[in-house]
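Report on the following structure.
A short reminder: the numbers here are calculations on the coordinates, not readings from a lab. The shown structure was predicted, so the numbers you read here are calculated from the model rather than taken from an experiment. With ideal geometry, Cβ positions are generated from the backbone for all residues, glycine too; neighbour counts draw on all protein chains shown.
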Amino acid sequence: MTAQPLTAASAASASAASAAADCGPLPVLGREVEVPLVGGEKVAYAALDYAASAPALQRVWDDVAAYAPYYGSVHRGAGYLSQLSTDLFEQSRQAVADFLDLREDDQVVFTRATTDSLNLLASALPAGTRVLAFETEHHASLLPWRRDGLTADYLPAPRSPQQAVAALEEALAAAPEGPTLLCVTGASNVTGEIWPVAELTETAHRYGARVVLDAAQLAPHHRVSVRELGVDWVAFSGHKLYAPFGAGVLAGRSDWLDAAEPYLAGGGASRTVARAADGSVAVEWHSGPARHEAGSPNVIGAYAVASACRALSETGFDALQAREQRLLARLRTGLAEIPEVQVLSLFGEDHARVGVLSFVVRGWNSSHLAAALSAEYGIGVRDGLFCAHPLVRTLLGGTADAPSECGAPEPSLPGERSLNAIRVSFGAGTPDEHVERFLAAVRELVSDGARWSYRTEGGRCVPDSRRG
């Protein structure tokens, strides 16, 4: 049985195409949501935290809503809904493969998110593998390699793409023989700066090492071609790609994945299970994606990811990037006009970046400023260390104690030196007005101060009951 296209999104698709043609934002959920301000009034919410989770594209939501009544078990049943769901699940796998421009022998494994994907790969590495990663990585690509049987070497933060390539070559030249893996981000979740992935991959392959690309921040903004970049694997999350429902992807070479024990043991991963004469259980595992997709898969999540891949591809990354770069230029120009603002950068102000930018403001604790942006202006940004503690500390030039979890240390009093930063991030659904509102709010807060008093509660900076 071949599933017929299930979509109620023809109008949304036409709207998306029109938006791309006139360089407007793509329709996303939440664009008309109003939020209360601390003074009691309501304003339209300005979502500028895309790097954490991007809003779902309206088209993706419509596609999922059209499929939802037909939801059934995947790879499990003979009924129509089960077979239709199975077809859509496998078609979603192919849509992701097309989106990433995979090689013929590559495979797509559906996971929960980028973190899950990289932990899956870590579990599948041959014993004795040496993993190289720059200390500038997000924790999802910095921490999974710290396990028995693997050796993790962390390279210091480079200050230019050329320095990154040279540092990798030096590390590879000194590494002992044996399997080696480089894990590298495509675009920083802190600075938005794009990394020299192709050059790093070429260097790694010359020494027989493999490469996994953390594309969580790159894929929503740039076309990612596995063939052109040459990477061995790529990982990304649906919730950063305008798709809800908690699905992610690990895609690439099959050999190490097929040779490894399943990431999870259970139904779906097993081809046959039999009781042996000695009373034990003998298992023959599947090869291919099923080997690491035990249990009932998140078919709605996979379908949502595939819908987002199709929507971005059909809109065209050239149009999306052109508009994003225009917004980024406006943001950087506006912040540069505020002397107290310092934008954080690893490779320098002129280096290419996606729509992610972090900064600090002289005289302000970052948590205090972020809280005021939310409470007084209805603008959502992120403050803290962004699950990239070593990188943010390097950029801030400090050695602040690490918070107990991803996020900000408890805010200091306004005016003390900031030990964390503010991140503003945007994408295909961001209206120009949100960027202008943000710049106006920052200018006003820096020049006039917050209108309300703030206090620490539960590790967060929140408005006090009294005005400032």
Seminar exercise, completed: Phi angles of segment 385-396, converted by Karplus (6.51 cos²θ - 1.76 cosθ + 1.60, θ = phi - 60°) into ³J(HN,Hα) in whole Hz with x for Gly and Pro, give 10, 6, 6, 8, 4, x, 5, 5, 5, 4, 5, 7
Seminar exercise, completed: The set of residues whose placed amide H lies less than 5 Å from the amide H of Ala247, leaving out same-chain residues fewer than 5 positions away, is Gly238, His239
Exercise. How large is Rg over Rh for the chain, taking Rg from the Cα atoms and Rh as the Kirkwood inverse mean of 1/r across Cα pairs?
Worked result: 0.99
Exercise. FRET efficiency for Glu457 and Asp278, Cβ-Cβ distance as r, R0 = 45 Å, nearest 0.05?
Worked result: 0.15
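Please order Glu436, Glu284 by the number of other Cβ within 10 Å, starting at the fewest. Could you put the intermediate results ahead of the total?
Details: Glu436 15, Glu284 10.
Fewest-to-most Cβ neighbours within 10 Å comes out as Glu284, Glu436.
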For this session: Using amide H atoms built 1.01 Å from N in the peptide plane, name the residues 5+ places from Cys387, or on other chains, whose amide H lies under 5 Å from its own.
Result: Gly407
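Suppose every K and R has +1 on its Cβ and every D and E has -1 on its Cβ; what is the size of the dipole of the chain about the Cα centre, in Debye to the nearest 20? Display every interim value, and only then the final one.
Details: 38 positive and 54 negative charges, 132 e Å.
Roughly 640 debye, rounded to the nearest 20.
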For this session: For Ala174 and Asp432, compute 0.36 nm times the residue count separating them, minus their Cα-Cα distance, and round to one decimal in nm.
Result: 88.0 nm
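At 0.36 nm per residue, minus the direct Cα-Cα distance, what do Glu32 and Tyr71 gain on full extension? Give it in nm, one decimal, please. Walk me through the numbers on the way to the answer.
Details: separation 39, 0.36 × 39 = 14.04 nm, distance 2.90 nm.
Extra length available between Glu32 and Tyr71 comes to 11.1 nm.
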Seminar exercise, completed: A correct Karplus calculation of ³J(HN,Hα) over segment 332-341, with 6.51 cos²θ - 1.76 cosθ + 1.60, θ = phi - 60°, whole Hz and x for Gly and Pro, returns 5, 5, x, 5, 5, 7, 9, x, 6, 8
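Based only on other Cβ atoms within 10 Å, what is the fewest-to-most ordering of Ile338, Ile422? Don't jump to the answer; show the numbers that get you there.
Numbers: Ile338 17, Ile422 25.
Ordered from fewest to most neighbouring Cβ atoms within 10 Å, Ile338, Ile422 come out as Ile338, Ile422.
Give me His292, His286 ranked fewest to most by other Cβ atoms within 10 Å of their Cβ, as a rough exposure proxy. Could the numbers behind the result be given before it?
Working: His292 27, His286 17.
The fewest-first ordering by Cβ neighbours comes to His286, His292.
Summing +1 for each Lys or Arg and -1 for each Asp or Glu, what net charge is found among the other residues whose Cβ lies under 10 Å from the Cβ of Val446?
Details: positive: Arg362, Arg443; negative: Glu340, Glu444, Asp448.
Cβ neighbours under 10 Å give a net charge of -1.
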Exercise. Residue by residue, what Karplus-based ³J(HN,Hα) values in Hz, rounded to whole numbers, does segment 443-451 have, using 6.51, -1.76 and 1.60 with θ = phi - 60° and x for Gly and Pro?
Worked result: 4, 5, 5, 5, 7, 10, x, 6, 7
Seminar exercise, completed: Residues meeting the amide H criterion for Trp285 (H placed from the backbone, H to H distance under 5 Å, 5 or more places apart or on another chain) are Arg271
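With r defined as the distance between the Cβ atoms of Arg271 and Arg103 and R0 fixed at 25 Å, what FRET efficiency is calculated, to the nearest 0.05?
Working: r = 25 Å, r/R0 = 1.00.
The formula returns an efficiency of 0.50 here.
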